[in-house]
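Enquirer: What follows is a single structure, and I will ask about it in a moment.
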Amino acid sequence: MARPRTLKPGRPAYQQIADELRASIRSGELGDGDQLPSETQLIETFGVARMTVRAALQVLQHEGLAVAEHGRGVFVRQRRPFRRRSVQRLSRSQWGSGRAMWEADTADDRTFAATIDVTRERATDDVAERLRIPSGTDVVVRRRLHSVDGQPLQLSAAHLPADIAAGTAIAEPDAGPGGTYARLEELGHPLERFVEEVQARMPSPDEARLLVLPAGVPVITVVRVAHTSERPVEVNEIVVNSDLYVLEYEIRP
């Protein structure tokens, strides 16, 4: 971008500069972690004021394409998407054999970690409706913050009826090999099917803070309901960083 550029009339200069930088990122000319041209370089290239250049760089930051590092400059945001293989992770062969669900997703060279908090609460109207229990009924809630390679990636809150989960390993931080689903089957609640609803939205302030989201990056929400042949036994509310997460579903006709 060293040669002088002539900006076109009719479109704000900062948007045109942002367009060129965005195109360089998407083409791979500027790769993950690369430094964008400095403010001084952009001023010389486009013949504009410093405030115009700063406005262009802020556009890319709001879009989640770039991040500013104090005293260093603006860099292309590094992305290494995490692939969530829904079919494999929910299969009985996965958790039924004592393996954690995330092991279906994580490559050998990536480090997975989670923090967990278990509480007993009253079910919200939405959770109660999905579990087919009266609103305000006690539920055991397992909240997790999942990270990969030190990057916060996913929040989840699994709600299970207290009449099933209270006083069992499900109400403990470590639910044991195979996790919650393995314990449900041991308790006489064989799982028959899962239903997932997927949506996209902007994050709440708390979600943005916990997931360390740059401005402008939305989240994907997945609400999963686990069913036995008789009743729903879990509602899991999942919030993931859309910029670092790929949802993979296998459909066989």
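Enquirer: Tell me, what is the per residue accessible area of the chain in Å², probe radius 1.4 Å? Walk me through the numbers on the way to the answer.
Expert: On the way: 13560 Å² over 253 residues.
Accessible surface, normalised per residue, equals 54 Å².
Enquirer: Here's a follow-up. When only C-alpha pairs under 8 Å and at least 6 residues apart count, what is the relative contact order of the range 20-77, in percent?
Expert: Result for the range 20-77 is 39 percent.
Enquirer: On to the next question. Share of the chain's accessible area from carbon and sulfur, percent, 1.4 Å?
Expert: Carbon with sulfur: 50 percent of the solvent-accessible area.
Enquirer: Then there is this: For the range 121-170, treating each Cα as an identical point scatterer without solvent, what Debye log10 I(q)/I(0) comes out at q = 0.14, 0.21, 0.23 1/Å?
Expert: Values returned for q = 0.14, 0.21, 0.23 Å⁻¹ are -0.42, -0.72, -0.79.
Enquirer: For the range 148-161, just list the computed ³J(HN,Hα) in residue order, Karplus coefficients 6.51, -1.76 and 1.60, θ = phi - 60°, integers in Hz, with x standing in for Gly and Pro.
Expert: Karplus values, whole Hz, x for Gly and Pro: 10, 6, x, 9, x, 10, 8, 10, 9, 9, 8, 10, 10, x.
Enquirer: For R231 and H62 in the same chain, what is the full-extension length gain: residue separation times 0.36 nm, less their Cα-Cα distance, in nm?
Expert: Length gained between R231 and H62: 56.5 nm.
Enquirer: Helix-only mean residue ellipticity at 222 nm, the chain, DSSP H runs n ≥ 4 weighted -39,500 (n - 2.57), per residue, nearest 500. What is it?
Expert: -7000 deg cm²/dmol
Enquirer: Over the chain, with a Gaussian network built from C-alpha contacts below 10 Å, which listed residue (D32, D206, D117) shows the highest mean-square fluctuation?
Expert: Result for the chain, Cα springs under 10 Å: D206 fluctuates most.
Enquirer: Let me ask something else. Taking the Cα atoms of the chain alone, what are Rg (to one decimal) and Dmax (as a whole number) in Å?
Expert: Considering the chain through its Cα atoms, Rg and Dmax are 23.1, 72 Å.
Enquirer: Compute the length gained on full extension between A208 and D138: take 0.36 nm times their separation in residues and subtract their Cα-Cα distance, giving the result in nm to one decimal.
Expert: 22.3 nm
Enquirer: Measuring from label point to label point, each 7 Å out along Cα→Cβ, what is the L247 to D174 span in nm?
Expert: Output for this residue pair reads 3.3 nm.
Enquirer: Using 0.36 nm per residue, how much length does the chain from E69 to I116 gain when fully extended, once their Cα-Cα distance is taken away?
Expert: Once the chain is fully extended between E69 and I116, it gains 13.8 nm.
Enquirer: Next up: Quick one: if you stick a label point 7 Å off each Cα along the C-beta vector at D163 and K8, how many nm between them?
Expert: 6.6
The values are calculated or read from the model by the stated rules, or taken from the named source; none is laboratory data. For clarity, every value in this text was computed on a predicted model and none was experimentally measured. Methodologically, a virtual Cβ is constructed for each residue, glycine included, from the backbone with ideal geometry; neighbour enumeration extends over all protein chains shown. These accessible areas exclude ligands, DNA and RNA; they are computed on the full protein's heavy atoms, side chains included. Shrake-Rupley method; radii C 1.70, N 1.55, O 1.52, S 1.80 Å.
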